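Shown next, in C-alpha cells, is the structure this report addresses.
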Amino acid sequence: MRKSVFSALFLFIIILTGSAQNKNLGYFLDLALHNSPLLKEYQNRLKTSDIDSLRLRAGLGVQVNAVTNDSYTPVINGFGQDEAITNGTNIYAAVAVSKGIISKGNLQNQLQAIALQKSSILNPAKITEQDLKKSVTDQYINVFGLSRQVNFNGDLLALMQKEEILFKKLTATGVYKQTDYLTFVVLMQQQELQLIQTRNQLKNAARTLNYMCGVVDTTTFQVEDPALVAEKLPELQKSIFYQQFVTDSLNLAIAHKQIDFSYQPKLNLFGDFGYNSSLAYQPWKNFGPNIGLNLSIPVYDGRQKKMQHDQVALSEQTRKTNSEFFGKQYKQQIDQLIIQLADNQKYKSKIEKQITYSGVLVDANRKLIETGDVSVTGYLIAISGFLTSQNLLIQNQIEYYQLINQLNYWCREK
C-alpha cells in the first residue's frame, strides 16, 4: 500500500514538473510588465501627480505660521546705533495667518494643468508598456523558431541514424561502395553538429528572454506556439501614439489662459496676533492683532505678455507640423506591414508545395535504398532539398509572427 502511494505521488510530481516547463507568451509578458522598473517609476510619478493636486488646493487655503523677530542693539559709552531708529530692543512674536485670493477660473485652469500632467505621464507609460511587450514578444518568437528548428533537426538526425544502419549493411553486402557510405556518414555528422549549434542558440535565446523579463532562471523550458493574430487597428486619433499631440494641444491652450491669469490683479489677505514691543514703555501691554490687505495690479512689463503668447503660438505650430508628419508615417508604416504580410502568405504557399514534392522524393528514394536502385548522391540531394524547404517554412512562420507583432504594436487605444 505504501509503495503504491509513493509511486502515485512520484508520478504526480513528474506531471507537475513536466507541465511547469511549458511556458507561453502570456507568462513572459506578465513577468516583464510586473518586473519592469521603468513602469514602476511611471506609477510613482502618477502618485506624485495626485499629490501635486492636493498641494495646490492646500496652498490656496489658509496658511498659519508662528513667527518671531527679536533684536537687541546696545549703546555702550555713547557708541552704538541710533536708538531713535533701532529702539534699542525689539521683540516680535506672533501667529501669522494669510490667504491668497484667486479667481475660480484661475484655480480650474491650474487643476486642469495638473490633470493633463497626469495624462502626460500615463500616455508614455502605455507606450513604454507597448515597447516592452513588442521586445519580449520578438524574443519569444525567436525562441519558438529555434525550438522548432531543434525539433526538426533532431527528427531528421534520428531518421538518418536509422538509414545509416541500413547503408552500413548494404555496403557490407556490396550494394553500395565504401565511399558512398562515408559520404552519407559525413552528411549525418554535419546534421548532428547543426543540431548541437541550434540547441546552443536556443539556450542563449531562452536566457536572454528570461533576462528581459527580469527572471533569474537557467533551467530549460519548452515554449508554446505564440499563435499571434492581427488585432483591430484603432483610428489614428484614438491611438496612444497620437494622444500625446492631443495632450500637448490642451497644455498649450492652458498655457495661454495661465498667461492671462498671471496678469490679473493679485489679492492677498494677511493678519497676525502676537507680541511686538521695544520694551521702552509698558511692554506688558504690547499684545494685539494686526490685519492687512495686499493688492498687486500689473501696469506695464515691456509687452512681455504678448511675447509669452507668441512663444506658445510657435509651440502650437510645431505641434501641428509634428502631428501631420506622424499621421503620414503611421499610415505608411501600417500599409507596408500589410503588404509584407500578404507577400509572406504567398511565399508560404509556394514553400508548402515545395515541401510536399521534396517529401515525396525523399520517401521514394528511401524505398529504393534497400534494393540499391538509387545513388547515395541522389538521396542526399533529396534530403538536402527537404531540409532547406523545412527551414524556409520555419523562417516564413517566424517572419509572419514578427510582422504581426509589429502590426499589433500600433493597435493600442488611448
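Taking 19 Å as the cut-off, the amide N atoms of the range 376-403 that come nearer than this to a point 7 Å along the Cα-to-beta-carbon line of Gln345 belong to 393-403. In this Cβ point-charge picture (+1 for Lys and Arg, -1 for Asp and Glu), the chain has a dipole of about 600 debye about its Cα centre. Between 0 and 90 degrees, the angle of helix 178-212 with respect to the longest Cα principal axis of the chain falls at about 20 degrees. Taking neighbour Cβ counts within 10 Å as the exposure measure, how do Cys213, Cys411 sort from fewest upward? By the 10 Å Cβ count, ascending: Cys411, Cys213.
Sort the following peptides by mean Cβ neighbour count (other Cβ atoms within 10 Å, averaged over residues), highest first: 350-360, 147-157. Walk me through the intermediate numbers first.
Numbers: 350-360: 14.4, 147-157: 17.9.
Ranked by mean Cβ neighbours within 10 Å, highest first: 147-157, 350-360.
Give the distance, in whole Å, between the Cα centre of the range 344-414 and the Cα centre of the range 109-157. When both Cα centres are located, 29 Å separates them. Spatially close Lys pairs in the range 94-200, defined by Cα atoms under 30 Å apart and a spacing of eight or more places or different chains, total 9. May I ask you to derive the FRET efficiency for Glu413 and Val175 from their Cβ-Cβ distance with R0 = 60 Å, giving the value to the nearest 0.05? With R0 = 60 Å, the Cβ-Cβ based efficiency is 0.30. Treating r as the C-beta distance of Thr377 and Glu231 and R0 as 45 Å, the FRET efficiency rounds to 0.35. For the pair Leu267 and Lys353, label points projected 7 Å from Cα toward Cβ lie 8.5 nm apart. Each helix, a run of at least 4 DSSP H residues, gives -39500 (n - 2.57); summed and divided by the residues of the chain, these come to -25000 deg cm²/dmol at 222 nm. By how many degrees, between 0 and 90 and to the nearest 10, does the Cα long axis of helix 2-20 differ from the longest principal axis of the chain? That helix lies at roughly 70 degrees to the long axis.
Across the chain, Cα pairs under 8 Å and at least six residues apart give a relative contact order of 24 percent.
As a length-normalised measure over Cα pairs under 8 Å and 6 or more apart, the relative contact order of the range 145-197 settles at 46 percent. Label sites at Gln108 and Val95, each approximated as a point 7 angstrom past Cα along Cα to Cβ, lie 3.6 nm apart. Maximal additional length on extending the Leu182-Phe326 stretch stands at 45.7 nm, based on 0.36 nm per residue less the C-alpha distance.
Quick note: the coordinates plus some simple rules give every number you see, no bench work behind them. Everything quoted here is computed from the prediction, not taken from an experiment. So basically every Cβ, Gly included, is an ideal-geometry build from the backbone, and we count neighbours across all protein chains shown.
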